[in-house]
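Below is one structure, written out as structure tokens; the observations come after it.
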Amino acid sequence: MPELPEVEAVVENLRREGVRGARIRRVDVFHEKITAPQPSGLIHRARRRRIERIGRRGKNIVLGLSGGLWLRVHLGMTGNLRLVPDARFRSMYVRWNAVLDDGRGLALEDSRVLGRIHLYSKDELEGLLAKLGIEPLTPDFRAERVVELARNSRQPVKLFLMDQSRIAGLGNIYAAEALHRAGIDPRREARSISRSRLLKLSHSIETVLRDAVQSALIAYRTPGTPGEAEFFERAVYGREGEPCRVCGARIRRFAQGGRSTYCCFGCQR
Ligand SMILES: [Zn+2]
């Protein structure tokens, strides 16, 4: 599932390929679910508008259009948003497509159709994004703020990290990796963790995400890779039964909040 680093790579790639300034000639919806619960007709208001801005907030891609409208894309589990050189040729997984004035296409591919694209006014979008927590890799993300948020949470720390209303952009993979780097057991109640260890966790979140953004960018620019951060060397996630590279203990997997959690009990307490 794309988390902050993969979404950042998608956005960076779109910027690099020059999506900004392009004008949308037409919008095609190939699967009604991709715009749900908005009526699929609404998205056609993006027609004849110029793409003026492109950004990211948490795991959301936001595209600012001329005339004060915004597109918000959430990639779900299997989504990818990319520019294709000729909008007439598209893969079978393209669920939504914007044909640009120059013939290129901005294509939302999604095999499982769990992603979404919605059209909003500026106020609507701001209202939605205001529900998201602090944004890592920005000045808004301060260690003291992480300590303060954790102090008020009875959640197990892994679920605390994945709660988008507290910290935006972390999912199952990078939450597990950040906890390993910080040496914290994912089951620990967030508010029970000492201040010094929370400061370390805050630092780990930033280093894990920075490393993962770099590897996601490399993956994107390497032909034949799907754009996932497969160049990121995972310390725990997906490594059940394998030895921890730090202490040699076996990596364990268990369920937490309905998802798999990976942990080394040799170095995570
Ligand atoms: Zn270990």
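The relative contact order of the chain comes to 17 percent, based on Cα pairs under 8 Å that sit 6 or more residues apart. Listed by chain and number, the lysines whose C-alpha is less than 19 Å from the C-alpha of K158, apart from same-chain residues fewer than 8 away, are K59, K200.
What separates the Cα centres of segment 162-178 and segment 42-103 is a distance of 25 Å. Sparse packing (at most 10 other Cβ atoms within 10 Å of the Cβ) combined with a DSSP loop state is found for the following trypsin sites (Lys or Arg not before Pro) in segment 44-99: R88. Structural descriptor for segment 33-158: relative contact order 23 percent, calculated from alpha carbon pairs under 8 angstrom and at least 6 residues apart.
Looking at segment 71-127, which chymotrypsin sites (Phe, Trp or Tyr not before Pro) are DSSP coil and have at most 16 other C-beta atoms within 10 Å of their C-beta?
Listed in order of number, the matching sites are F89.
Taking the protein heavy atoms of the chain in the context of the full set of protein chains, the accessible area attributed to carbon and sulfur is 48 percent at 1.4 Å. Shape of segment 120-254 from the C-alpha gyration tensor: oblate (a/c of 1.5 or more and a/b not above b/c, with a ≥ b ≥ c the square roots of its eigenvalues).
Helical runs assigned H by DSSP (4 residues or longer) give the chain a calculated mean residue ellipticity at 222 nm of -8500 deg cm²/dmol, each run adding -39500 (n - 2.57) before division by the residue total.
Averaging over all projection directions, the Cα-based convex hull of segment 130-196 occupies 4.2 nm² in the image plane. V29 sits with roughly 40 Å² accessible to a 1.4 Å probe, with DNA, RNA and ligands left out of the calculation. The Rg/Rh ratio of the chain, with both radii computed over alpha carbons and Rh defined as the Kirkwood radius, is 1.00.
Averaged per residue, what accessible area in Å² does segment 1-144 show with a 1.4 Å probe, protein chains only?
Solvent-accessible surface per residue comes out at 46 Å².
For segment 1-135, the Cβ-based charge dipole about the Cα centre amounts to some 420 debye (Lys, Arg positive; Asp, Glu negative; other atoms uncharged). For a label point 7 angstrom out from the Cα of R195 toward its Cβ, which stretches of segment 111-151 have the backbone nitrogen within less than 17 Å? Only 142-151 fall inside the zone, counting backbone N under 17 Å. For segment 35-94, the square roots of the Cα gyration tensor eigenvalues, ordered a ≥ b ≥ c, give a/c below 1.5, which places it in the rounded category. Here is the list for segment 116-176: trypsin sites (Lys or Arg not before Pro) lying in DSSP coil, each with at most 10 other C-beta atoms within 10 angstrom of its C-beta, are K131, R154.
The values are calculated or read from the model by the stated rules, or taken from the named source; none is laboratory data. None of these values were measured; they are calculated from a predicted model. Cβ atoms come from the backbone with ideal geometry, glycine included; neighbour counts cover every protein chain shown. We work out accessible area using only protein heavy atoms, side chains counted, and drop any ligands, DNA or RNA first. Shrake-Rupley method; radii C 1.70, N 1.55, O 1.52, S 1.80 Å.
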